[in-house]
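Q: Handing you a structure now.
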Amino acid sequence: EPLVAMADVGKSYGNVHALRGVSLEVYPGEVTCVLGDNGAGKSTLIKIMAGLHEHSEGAFCVNGISRNLASPRAAQQLGIATVYQDLALAPLMSVWRNFFMGNEIRRGLFLDSATMRRIADEELQKMGIHIGDLDRPVGGLSGGQKQCIAIARAIYFGAKVIILDEPTAALGVRQSGVVLKYIAKARDAGLGVVFITHNPHHAYLVGNHFVVLKLGRVVLDAHRDEITLDE
Ligand code: ADP
Ligand code: ADP
């Protein structure tokens, strides 16, 4: 059963139809890739899933329950986390402080610094992210490392579904590799991943399911086994 299911979802901004008749399901242990050029509706789709926008038509279900009112807080409580391109990391703060930032109070966690540092270290190690000194400011890390920290943080704080907004867009080949490997790891750990990207190669490397949007409509919807590299 899908974690998130959209059936025939439409979204209009005034008379602009940003999405029309979009159906999409996110399963645990799968990467659903959403591809499409600028204006295709990718951001709109993210905003609906993240609880920032209400859909105008169709049904949007989380864990089998229909959601009508948009609420970022509710989305978060249901385990839907979004990692935006700006990553919401504070560049001057240490890695371990960033790991907990925004969550200490919200989750009722009142941990001392040494404990937070130790947990961040354990979690990052567990997920195969090797940062070295966690007292370093996050701003000095590579783009790939930053992306992985933002994803690891979302997972640690209870995400079941992670929506990744063009996580490799600003990265080179090597750093993209770091992030893609990490996406595969999250997938194999049973998370439902929504991977928004312009890059079909990156999508193919980790994706189970591919949805291509064009001007708000789904123009291709294929599972991995339906795509062949022959011919
Ligand atoms: P993408 O992320 O794929 O570039 P968007 O979801 O941002 O696509 O946009 C889809 C369409 O909706 C575009 O035509 C865009 O101009 C329009 N759009 C997006 N946000 C708004 C808004 N807040 N108000 C009006 N039109 C919008
Ligand atoms: P809301 O009021 O629902 O939060 P906004 O209309 O403020 O949404 O727009 C949300 C985002 O979409 C903003 O980043 C805004 O700059 C962008 N946006 C607004 N209008 C358009 C448009 N016509 N095309 C693309 N993006 C848009």
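The values are calculated or read from the model by the stated rules, or taken from the named source; none is laboratory data. This one's a predicted model, so the numbers in the text were calculated from it and none came from an experiment. Don't worry about glycine lacking a Cβ; one is built from the backbone with ideal geometry, like all the others, and counts go over all protein chains shown. These accessible areas exclude ligands, DNA and RNA; they are computed on the full protein's heavy atoms, side chains included. Shrake-Rupley method; radii C 1.70, N 1.55, O 1.52, S 1.80 Å.
Q: Work out how much length CYS61 to ASN15 would gain on full extension: take 0.36 nm times their residue separation and subtract the Cα-Cα distance, in nm to one decimal. Walk me through the intermediate numbers first.
A: Details: separation 46, 0.36 × 46 = 16.56 nm, distance 2.51 nm.
Difference between extended and current length: 14.1 nm.
Q: Next up: I want to check the label-to-label distance for ASN38 and TYR204. Put each point 7 Å from Cα in the C-beta direction and report it in nm to one decimal.
A: Each label point is offset 7 Å from its Cα along the Cβ direction, giving 2.6 nm.
Q: Just to compare against my own numbers: the Cα pair-distance distribution for the chain, 10 Å bins, whole % per bin, please.
A: Result returned by the calculation: 8, 33, 35, 19, 5, 0.
Q: Once label points are set 7 Å from the Cα along Cα→Cβ at both LYS126 and LEU92, what is their separation, rounded to one decimal in nm?
A: 3.2 nm
Q: While we're here: Compute, for the chain, the length of the dipole vector about the Cα centre, with Cβ point charges of +1 (Lys, Arg) and -1 (Asp, Glu) only. Units Debye, rounded to 20.
A: Details: 23 positive and 23 negative charges, 126 e Å.
Approximately 600 debye in magnitude.
Q: May I pose another question? Pull up the DSSP beta bridges for the chain and report the antiparallel fraction as a percent, rounded to 5. All intermediate terms of the calculation are to be shown ahead of the outcome.
A: On the way: 21 of 40 bridges.
Expressed as a percentage, antiparallel bridges in the chain total about 50.
Q: Right, another one. Once you treat every alpha carbon in region 91-225 as an equal point and sum by Debye, what is log10 I(q)/I(0) at q = 0.14, 0.18 Å⁻¹?
A: Evaluating at q = 0.14, 0.18 Å⁻¹ gives log10 I(q)/I(0) of -0.68, -1.02.
Q: Mind checking the per residue accessible area of region 53-151 for me, 1.4 Å probe, whole number of Å²? Spell out each step's value before the answer.
A: On the way: 5280 Å² over 99 residues.
Roughly 53 Å² per residue, with all protein chains present.
Q: Percent of accessible area on the chain owned by carbon and sulfur, 1.4 Å probe?
A: Carbon-and-sulfur percentage of accessible area, whole number: 53.
Q: By how many nm would the segment from GLN85 to GLU54 lengthen if fully extended, with 0.36 nm per residue of separation less the alpha-carbon distance? Walk me through the numbers before you get to the answer.
A: Numbers: separation 31, 0.36 × 31 = 11.16 nm, distance 2.18 nm.
Here the answer is 9.0 nm.
Q: Here's something else I'd like to know. Let's see if you can work this out: charge +1 on each Lys and Arg Cβ, -1 on each Asp and Glu Cβ, no other charges. What is the dipole magnitude of region 34-170 about its Cα centre, in debye to the nearest 20?
A: Details: 14 positive and 13 negative charges, 56 e Å.
So the magnitude is around 260 debye.
Q: For each pair in LYS11/LYS160; LYS11/LYS42; LYS146/LYS185; LYS47/LYS214; LYS42/LYS185, compute the distance between the two Cα atoms and list the pairs where it is over 19 Å. Don't skip to the end; give the middle numbers.
A: Details: LYS11/LYS160 25 Å; LYS11/LYS42 12 Å; LYS146/LYS185 16 Å; LYS47/LYS214 17 Å; LYS42/LYS185 24 Å.
Checking Cα-Cα distances, LYS11/LYS160; LYS42/LYS185 exceed 19 Å.
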